[in-house]
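First the structure, in the form of structure tokens, and then the observations on it.
The values are calculated or read from the model by the stated rules, or taken from the named source; none is laboratory data. These figures come from a predicted structure and were not determined experimentally. When we count neighbours, we look across all protein chains shown, and the Cβ atoms used for this are built from the backbone with ideal geometry, even at glycine.
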Amino acid sequence: MFFLIGRFIVDFLEEAGAVGLLILRVFRRLPKLPRNLRSLFKQMERIGVGSIPLVLVTSLFVGAVTAVQAAYQFHGYVPLQYLGAVVGKTVTLELGPVLTALVVGGRVSAAMAAELGTMKVTEQLDAMEMIAVDPVEYLVLPRIVAAVIMLPVLTVFSDFLAILGGMAVAKFSIGISYNIFADGLKLLFRYQDVVGGLMKTFFFGFIISLMGCYYGFATKEGAEGVGLSTMKAVVSSCLLILVSNYLLATIIFRIIFAV
Amino acid sequence: MTDNSKNTESRPVIRIVNISKTFEGQRVLTGLDLDVLRGETVVVIGRSGCGKSVLLRNIAGLMKPDSGEIYFENEDITKFNTRKLFKMRMHFGMLFQGSALFDSMTVGENVALALVKHTGLDIDRINRIVTEKLDLVGLADVTEKYPSELSGGMKKRVALARAVVMDPEVVLYDEPTTGLDPVMSGVINRLIVNLQKELEITSIIVTHDIKSAYIVGDRIAMLHDGKIVYEGTPRQVENSDNPLVKGFVEGNLQIGT
């Protein structure tokens, strides 16, 4: 039993160390980014444009359900003209950034881990090293930078759509006009909410691509190995997003934007 | 002074001194020595799983031995950092067992990548070199295809073109004929011999295909129990009395001996 716990701790530390090393290697290669612009744009297209349909559907329905639940809880206590305020706040502060990160994270980190993992088990990464092309510079760096750039962009898109979804539900199902909803939205709006929410997404983008690349590179032996590392990449990026979200919210809203 | 320069000529390009490598408690290489002279083709034979590929990966710097030294032109590559290793690999080409073509790129892009990254030549010049190298392996007409559209033998040939595109001094072959039909094996063998003649490269080939070893090798070394147990010309190997060599060639080597 103690052996198992010890083993678990050692494994965890080893993994954390390896991830740290990868982060260090990526940062050291940042100056070489201009030489890899083509793959950067390709990755930005894949992560950003490719995720639009997913983010679109997720956001519309998240906004819609927020309006429904808020109206249900307001019933009899809070005037419904505040509906817009609540939808706007929850969406920009938490739901937009976190849910975008979770769905995009699932999609992107799985794709990265599977792609790099397959390259690893078919010796393509070794072949790349043999022609003196650095896989971290050529494969990892563009992916991480692309995710860090695209996650905030996708979140802006998601915030906008979620509020739109909430507005539509307010109008057609709850019976609050667009104007009243918009007034409520404006009433308690603070730009720090949006900025703070977006600040978190830079980190989420980093986590998603880092986990995808790390587990892709750490893949061992065959199709089963690729499946395993894909799963690990998705699970760990989702967990890290949720845990870091708490920490980031504390730092941003209790320290930086403290009132 | 002139004497000295003559001396380096006859010195081995690659000298492997007493290297050992252990994997998860299993000793794969146990104090292996091997010298490879400039321009010669050394074939390392041995049973599957005896550590041939591990030896090759150590020479390529993809793996570091637990102990021992590997010299490339008198520099110990086991002490190289990443940057020096990458610089060294400009002089190396490697043919992987599964070809290891980049499947997100076309055949042309696969062969061109090293040139694009390292030479700074213009596109026309690069295209010309790519066509020339693909011509060398008889595949100049598949430049636009993706690896998934090629047969196993074609992939091997493209990988060979990619391995020699930078005109390397040393080419490492990992089981070049494994998994190919006899006709395609013959094609690959002839290509290796031709490349050898035309580009004057030093080659290290690991294989368990003894027929291929006879055709392409200047010298054959047998790897057994983590050590080189026999070295000789193909003729010497054929007529050897060494029980290990004889057993391997005739296919009745006792397992566990």
(message) Being within 14 Å of chain A (Cβ to nearest Cβ) and either part of a loop (DSSP other than H, G, I, E, B) or at pLDDT below 90 (or both) narrows it down to one residue among B:161, B:100; which is it?
(response) B:100
(request) Tally the residues that are in contact (Cβ under 8 Å) with a residue 40 or more places away in the chain and outside any helix (DSSP H, G or I), restricting the search to region B:191-217. (result) 10
(request) Could you tell me whether any residue of region A:109-132 is at negative phi, away from every other protein chain (no Cβ under 14 Å) and buried (at least 24 other Cβ atoms within 10 Å of the Cβ)? (result) yes
(message) I'd like the full set of residues that are in contact with a strand residue (DSSP E or B) (Cβ under 9 Å, 6 or more places away or on another chain), in a loop (DSSP other than H, G, I, E, B) and more than 18 Å from residue A:122 (Cα to Cα), limited to region B:85-97.
(response) B:91
(request) Could you list, in sequence order, all residues of region A:161-204 that are of a type in the set (Phe, Trp, Tyr) and in contact (Cβ under 8 Å) with a residue 12 or more places away in the chain? (result) A:181, A:189, A:202, A:203, A:204
(request) Go through region B:47-71 and give me each residue that's modelled with pLDDT of 90 or more, buried (at least 17 other Cβ atoms within 10 Å of the Cβ) and away from every other protein chain (no Cβ under 14 Å). (result) B:55, B:65, B:68, B:70, B:71
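Can you tell which of B:220, B:188 is outside any helix (DSSP H, G or I) and on the phi < 0 side of the Ramachandran plot?
Working: B:188 fails: outside any helix (DSSP H, G or I).
So the residue among B:220, B:188 that is outside any helix (DSSP H, G or I) and on the phi < 0 side of the Ramachandran plot is B:220.
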(request) Of all residues in region B:216-226, count the ones that are modelled with pLDDT under 90 and either surrounded by fewer than 17 Cβ atoms within 10 Å (Cβ to Cβ) or over 24 Å from residue B:65 (Cβ atoms) (or both). (result) 1
(message) Take the residues in region B:72-97 that are touching a residue at least 60 places away in the same chain (Cβ under 8 Å) and facing chain A (nearest Cβ under 8 Å); name whichever of them is surrounded by the fewest Cβ atoms within 10 Å (Cβ to Cβ).
(response) B:90
(request) State whether the residues of region A:214-225 include one that is among the β-branched types (Val, Ile, Thr) and part of a helix (DSSP H, G or I). (result) no
(request) Sort out which residues of region B:141-158 are assigned to a helix (DSSP H, G or I) and surrounded by 16 or more Cβ atoms within 10 Å (Cβ to Cβ), and write them in order of number. (result) B:142, B:147, B:153, B:154, B:155, B:156, B:157, B:158
(request) Quick one: which residue in A:85, A:18 is over 26 Å from residue A:197 (Cα atoms) and among the aliphatic types (A, V, I, L, M)? (result) A:18
(request) Scan region B:103-139 for residues that are part of a loop (DSSP other than H, G, I, E, B), within 14 Å of another protein chain (Cβ to nearest Cβ) and of a type outside the set (Val, Ile, Thr) and report the count. (result) 4
(message) Return the residues of region B:98-110 that are among the polar types (S, T, N, Q) and crowded, with 16+ Cβ neighbours inside 10 Å; say none if nothing qualifies.
(response) B:99, B:106, B:110
